[in-house]
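Notes to accompany the following structure.
The values are calculated or read from the model by the stated rules, or taken from the named source; none is laboratory data. Bear in mind the structure is a predicted one, so any value in this text is a computation, not a measurement. Heads up, the Cβs are rebuilt from the backbone with ideal geometry, glycines too, and the neighbour counts pull from every protein chain shown. When the accessible area is computed, the model is the full protein with side chains, heavy atoms only, and any ligands, DNA or RNA have been set aside. Shrake-Rupley method; radii C 1.70, N 1.55, O 1.52, S 1.80 Å.
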Amino acid sequence: MAVHGPEHFFAEHAVFSCATTPILDPRGAIVGALDISGPSASGHGHALGLIRLAVDQIEHRLFRDRFVDCSVLRMHDDAAMPGTVREGILVFRDDRLLAANRRGLSLVGRSWDALDDAALGELVDMRGQAARGRLRLTNGATLIGGWDAEGRGGGVELPPAARALADERAEAIEAALAAHDGNVWAAARQLGVHRGTIHRHLARQH
């Protein structure tokens, strides 16, 4: 978001020009925001673009440490982009989509709601792979990319409750909801999952 001069709600803030972008972790949770603010008279036409580039770098670094027992897929539709902060990243555990970045979800046509639900076979065509260095998606697109070498991985280690979700998801959700008196947001935060995962669980119970 960018707010310039008199666009601010409070008149006394009209002297500022502000640009900000949220920082999302590999599970889609907002963990912070980066802001550039300065005198509106100076002009800040490139501020939002600079903020986005900086946030791309921050979010990419969140995948640098190894995900435990996970497979990390890195891809892009431009051959020059894999390995850069603009690459798409999908993380799978037991062939289930566990984490991602915004670019990765965009490339496969999914949203954060796909975390914990989408299977590898629903996103990547594992039957007919393209040539080496290329990846064929189930939506018909062919991208440049591949899997991280064994042991390289990427990302932050997930909370124990989130890792257990792959095997005992329903029980974990019910326990978290009970512990927080049915508060979906609090339960999702405890489990380290997207709120949509819990809402879909509740819908299946009715």
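Does any residue of region 110-119 turn out to be in contact with a strand residue (DSSP E or B) (Cβ under 6 Å, 6 or more places away or on another chain) and open to solvent by 40 Å² or more (accessible area, probe 1.4 Å)?
Among the residues of region 110-119, not one is in contact with a strand residue (DSSP E or B) (Cβ under 6 Å, 6 or more places away or on another chain) and open to solvent by 40 Å² or more (accessible area, probe 1.4 Å), which makes the answer no.
Taking region 20-52 as the region of interest, how many residues are without any contact (Cβ under 8 Å) to a residue 40 or more places away in the chain, over 16 Å from the mean Cα position of the chain (by Cα) and not in a strand (DSSP E or B)?
9
Which numbered condition trips up residue 38, out of (1) more than 30 Å from residue 15 (Cα to Cα); (2) among the small types (Gly, Ala, Ser); (3) open to solvent by less than 20 Å² (accessible area, probe 1.4 Å)?
Of the numbered conditions (1) more than 30 Å from residue 15 (Cα to Cα); (2) among the small types (Gly, Ala, Ser); (3) open to solvent by less than 20 Å² (accessible area, probe 1.4 Å), the odd one out for residue 38 is (1).
For region 60-80, name all the residues that are among the hydrophobic types (A, V, I, L, M, F, W, C), over 15 Å from the mean Cα position of the chain (by Cα) and either open to solvent by less than 20 Å² (accessible area, probe 1.4 Å) or under 22 Å from residue 125 (Cβ atoms) (or both).
70, 79
Tell me, yes or no, whether region 173-181 has at least one residue that is at pLDDT 75 or above, part of a loop (DSSP other than H, G, I, E, B) and over 17 Å from residue 95 (Cα atoms). Walk me through how you get there before you give the answer.
Going through region 173-181, the residues at pLDDT 75 or above turn out to be 173-181.
Now narrow it down to the ones that are part of a loop (DSSP other than H, G, I, E, B): 180-181.
Still in the running and over 17 Å from residue 95 (Cα atoms): 180-181.
Yes - at least one qualifying residue is present in region 173-181.
State which residue is modelled with the highest pLDDT when the search covers only region 11-62 and only residues that are in contact with a Pro (Cβ under 6 Å, 6 or more places away or on another chain) and within 30 Å of residue 196 (Cβ to Cβ).
33
Between a residue in region 132-144 that is within 17 Å of residue 118 (Cα to Cα) and any residue that is open to solvent by less than 40 Å² (accessible area, probe 1.4 Å) and in a strand (DSSP E or B), which pairs come within a Cβ distance under 7 Å, given they are 6 or more apart or on different chains?
137/124; 137/143; 138/124
Can you name every residue in region 100-131 that is touching a residue at least 24 places away in the same chain (Cβ under 8 Å), of a type in the set (A, V, I, L, M) and out of contact with any helix residue (DSSP H, G or I) (no Cβ under 9 Å at 6 or more places or on another chain)?
Answer for region 100-131, where residues must be touching a residue at least 24 places away in the same chain (Cβ under 8 Å), of a type in the set (A, V, I, L, M) and out of contact with any helix residue (DSSP H, G or I) (no Cβ under 9 Å at 6 or more places or on another chain): 107, 119, 120, 124.
State all residues of region 120-166 that are assigned to a helix (DSSP H, G or I), open to solvent by 60 Å² or more (accessible area, probe 1.4 Å) and modelled with pLDDT of 75 or more; if no residue qualifies, say none.
Scanning region 120-166 gives a single hit, 122.
Which members of region 81-108 meet the condition of being over 21 Å from residue 52 (Cβ atoms) and surrounded by fewer than 22 Cβ atoms within 10 Å (Cβ to Cβ)?
92, 93, 94, 95, 96
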